[in-house]
Amino acid sequence: MARKPLELPTAIAQAFMADLEAYKAAGPGLPKDEIAARQCRALREYLRPSDGRLTMVDVRKLMDAMAEDLE
């Protein structure tokens, strides 16, 4: 059975995309960690209990993959 995709409010999705651009432009280390931590906290509010735990590492992997696609 296919799962219903996660639906985020427009403002949250726009903030994620803005942070993705900042993540892409940031140097390695702390700036990227701060962006990923901020988005991890924001996204956790919209997860279903069955989605499991979201970590900052998960968000960094997601942002790394998405930043590559934007290039």
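When we screen T10, T55 for residues that are at pLDDT 90 or above and either loosely packed, with under 10 Cβ neighbours inside 10 Å or at positive phi (or both), the only hit is T10.
Screening Q39 on (1) surrounded by 10 or more Cβ atoms within 10 Å (Cβ to Cβ); (2) among the polar types (S, T, N, Q); (3) at pLDDT below 95 shows it passes everything except condition (3). Residues that are under 14 Å from the mean Cα position of the chain (by Cα), assigned to a loop (DSSP other than H, G, I, E, B) and surrounded by fewer than 10 Cβ atoms within 10 Å (Cβ to Cβ) are absent from the stretch 24-34. If the condition is being of a type in the set (G, A, S) and at pLDDT 95 or above, then the stretch 23-36 contributes only A36.
The values are calculated or read from the model by the stated rules, or taken from the named source; none is laboratory data. These figures come from a predicted structure and were not determined experimentally. Neighbour counts are summed over all protein chains in view; Cβ atoms, including those assigned to glycine, are modelled from backbone coordinates with ideal geometry.
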